[in-house]
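The values are calculated or read from the model by the stated rules, or taken from the named source; none is laboratory data. Small disclaimer: the values here were computed from a predicted structure and weren't measured. Glycine gets a Cβ as well: all are built from the backbone with ideal geometry, and neighbour counts include every protein chain shown. Note: accessible area is taken over every heavy atom of the protein model, side chains too, but ligands, DNA and RNA are not part of it. Shrake-Rupley method; radii C 1.70, N 1.55, O 1.52, S 1.80 Å.
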Amino acid sequence: MSQHPQQVEDVTEVLEELEAKLETFQTGLNNAWDAIDDLQEELVEEREERRRLEKENEELQAEIERLDARTDLLRLVEESDKMTGKQRSVALIQNLRRAAKKERDRGREAKASVNREEAETALQHPDVDRTTIYTDMSRAARLVDNEDVLKYKSSSGGGSRLKLNLEAGELPNEIVGKDTNNGGR
């Protein structure tokens with residue numbers, strides 16, 4: 001059976017059209033793959049930039065915490081010798097609260113404690129007898145009046161500690177809101 005020249009020409013024309021469409025599709029597909037590669041490179045760069053910014057943010061947060069603590073210490077140093085016993089006790093509670101919150105921010109239990117030496121350092125070595133610091137620690141526990149949250153454990157031989165556990169509850173608002181530099185409100 002012999003094909004007519006018109007039929008051969010029609011088939012050739014259809015094949016040429018299909019070939020042109022295939023070439024157009026192949027070009028489009030290549031362009032799409034190129035665009036995907038470009039987007040993947042951009043994504044990698046953006047992720048690296050995000051990691052850099054997150055690290056920078058963490059460093060800035062740490063610096064803010066350091067400066068806040070330094071500011072608190074400077075204020076406390078200026079006023080520590082003038083503080084009343086109640087103010088020193090509240091200052092100890094606030095110091096423990098900051099430390100416990102830092103622990104919570106680090107993904108650990110919100111707990112903190114101080115012994116007499118650490119309490120004296122936190123208060124910037126006020127001009128008081130060493131036994132007065134024990135009294136301040138004991139008074140702090142009485143001010144909170146919840147041994148699950150704040151407990152003073154007295155021990156002969158220097159093992160006395162003031163322990164804060166924010167996991168067991170919160171401090172009373174009248175303690176948390178007190179400013180240690182204005183007469184103990």
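For the stretch 83-171, the solvent-accessible area with a 1.4 angstrom probe is 52 square angstrom per residue.
So which of 101/163; 86/151; 111/153; 86/111; 55/101 end up more than 19 Å apart by C-alpha? The partial results should precede the final answer.
Values: 101/163 14 Å; 86/151 16 Å; 111/153 15 Å; 86/111 22 Å; 55/101 21 Å.
Violating the 19 Å limit, Cα to Cα: 86/111; 55/101.
On average, how much accessible surface per residue is there in the stretch 7-81, in Å², for a 1.4 Å probe, leaving out ligands, DNA and RNA? Walk me through the numbers before you get to the answer.
Details: 6750 Å² over 75 residues.
That works out to 90 Å² per residue.
Computed about the Cα centre, the dipole magnitude for the stretch 7-81 is approximately 500 debye when only Lys and Arg (+1) and Asp and Glu (-1) carry charge, each at its Cβ. With all protein chains in place and a 1.4 Å probe, the accessible surface of the stretch 7-81 carries 54 percent carbon and sulfur.
About the Cα centre, and with charges only on the beta carbon of Lys, Arg (+1) and Asp, Glu (-1), how big is the dipole of the stretch 83-171? Nearest 20 debye, please. The partial results should precede the final answer.
Details: 18 positive and 14 negative charges, 29 e Å.
Here the size comes out at about 140 debye.
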